[in-house]
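Data first, discussion second: the structure below is written as structure tokens.
Each reported figure results from applying straightforward, stated rules to the coordinates on display, with no laboratory input. Because the structure is predicted, anything quoted here is derived from the model rather than measured. Using ideal geometry, Cβ is built from the backbone for each residue, glycine included, and neighbour counts are taken over all protein chains shown.
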Amino acid sequence: MTNKTSQQQTSTLAAAAQAQAVALSQAPVPRVLEIPDVLTVKDLAAMVGVVPIDVIKQLMRRGLMLAINDVVDQASAADVAQDYGFEVKAPKEQERESGSLVVSSSDEEESKLQPRPPVVAILGHVDHGKTTLLDAIRNTKVVEGEAGGITQHIGAYQIELKGRPITFLDTPGHEAFTAMRARGARVTDIAVLVVAADDGIMPQTLEAIDHIRAAGVTMIVAINKVDRPEADPERLKRQLAEQNLLVEDWGGDVIAIPVSAIKGEGISDLLDNLTVVAEVSELTANPDRPAQAVVVEASVDKSKGPVATLLVQTGTLNTGDYIVAGEVKGRVKAMFDDSGKRIREAGPSKPVEILGLTGVPEAGETLTVVPDERTARELTEKHQAESQGVAASVTLEELHSRMESGDVKGLNLIVKTDVQGTIEAVRSALEQLNSDETRVNIVRAASGSVTESDILLASASGAIVIGFNIGPEPGAATLARQEGIEIRSYDIIYRLIEDVDQALRGLLAPVTRDVLVGYATVRAVFSVSRGGKAAGVYVNDGSITRGTEMRVMRNGRQTFAGDILSLKHFKDDVRELTTGLEGGIALDGFDAFKEGDVLEAHRTETV
């Protein structure tokens, strides 16, 4: 009965997936698409009206192995869209020139536009001094609170320089946070690429350069750690030239400022150049309209509830505004600036923390002010219906393919993180561990502490609970002990990935292989007392031991394979004959020996 029910459920799931795919493919969609510079596979699938698995297949045909949350470059996305019969047009030039690919002022009346502060992103390789540089700029001690010296989240801060505000985004440098860095670059006007003069260009430096170019923003290079004896700024400039980044000293247009974040040297020059670039860019926005913002970070505070850090891009956000961010709605109950001071309104380029959301929005989600609660509810319900359609089809497609293949083993994980933005980074890093033989199955990924609900889900799915910068609630810890569920806590992503990788290796089926342990040559054949014949042999190499399989090789071909019946050294029964010894061997089921036969001893080894 259980098998029949399972088969019915499987058939239902497969049918639902197929119906979802047909519905999506038949949905009316515009035939002209504007492809942004940066988008995910999931976003591209939604744009062309197909399930993400179909987009993944199209990308695979082009040699791109991407997962649903991976970023697709604009050229590849355009090719896929054209495969589905769409005409592709580039983003508006005015949007590119504005430096922000999320919100454009091109549809605003010019008379309503006012200058706004620039938004500056700090990007670069891990441990090259990004946070220390920002620390020197705003004269605080952010870096001291970081686990292992690694920035784990995106932070937004604002300073004033000669009466003019500048907003900074501090983005993580570890390679696992690629998607977060890409999101940081998309909402910025100027990107500061921090490169250590002693290390030079590193892998994450190259990734940061790619993201800056994709975002179409102005780049300024901060050559950090010039105070170190091994610093070599000229070597770094050569490396930049190899990446088609020619600094001004070498006749190019890339501004490169030597700094020492530790000693505070060169900081004023860097800020002056940021101001000049911002003035030349003529950044504007309309503050007299309903606000539109980007969710920089979001989490659940035990006493405050859902908390979101926003970067207002246009308009003015006021306390009491009704807001929508994807599937989450709410009303701004309180608003705080980056120093923790309570404020009532926030204009363009202002980073703020707000309270009043009904849930935790996705980091990078666009937040919009709406007229009333009814509009907010309608928009969130519509967004939920659309996202559930796509997400469900993806899940069902993956489930169906795994059930059909039958040879993919998975490690089920429930991932809980301290903030929403970290989920994307951890998920991306874990998905990179997938192979043809093993797979990480993320059963649930959410922010907040580990709850009893997580433990019950882990018990039902046979999952391990991973906590990143977060611990279990007391009731959850007790339930985990009762249910025998393992909770692993981490504060450094390297250790998390290493442990999961080792666990995946343990899922691999044992591999058995045949090992030749020794061989002997037949020099004589003689009869034995109980009938039959035995072989007088000389052990040429290795050893021949009772319990090993013996193979009789004649003229290079196997004549027989079987067990040892007796093994003697002269007249004594022995357990083993080693290299250089002579002895007698009788095999169980074979006695047609000939002089010159080679007897090989084999054993099966499990790896």
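Size of region 512-606: Rg and Dmax of its alpha carbons, in Å, are 12.2, 39. Its Cα gyration tensor gives region 184-304 an equivalent ellipsoid, and the semi-axes of that ellipsoid, as √(5λ) in whole Å with the largest first, are 29, 19, 15. Shape class for region 407-507: oblate, because the ratio a/c of the largest to smallest gyration tensor axis (alpha-carbon atoms, square roots of eigenvalues) is 1.5 or more and b/c is at least a/b.
Taking each residue as 0.36 nm, the span from GLN502 to ARG603 lengthens on full extension beyond its C-alpha to C-alpha distance by 33.6 nm. Spin-label pair GLU230-LYS568: with each label point 7 Å from Cα along the Cα-Cβ axis, the two points sit 7.0 nm from one another. The slack between ARG164 and GLU582, meaning 0.36 nm per residue of separation minus the straight C-alpha distance, is 141.0 nm.
Rounded to two decimals, the Cα-based Rg/Rh of region 270-366, with Kirkwood Rh, is 1.02.
With 17 Å as the cut-off, how large is the P(r) tail for region 424-478, expressed as percent of Cα-Cα pairs? Counting pairs separated by more than 17 Å, the tail of P(r) holds 42 percent.
Annotation note: GluC sites (Glu not before Pro) in region 188-247 located in DSSP loop regions with a Cβ neighbour count of at most 13 within 10 Å are GLU230.
Past the 23 Å Cα-Cα mark, which pairs from LYS533/LYS568; LYS162/LYS341; LYS329/LYS382; LYS304/LYS382; LYS162/LYS350? Write out the running numbers ahead of the final one.
Values: LYS533/LYS568 14 Å; LYS162/LYS341 21 Å; LYS329/LYS382 12 Å; LYS304/LYS382 27 Å; LYS162/LYS350 17 Å.
Exceeds cut-off: LYS304/LYS382.
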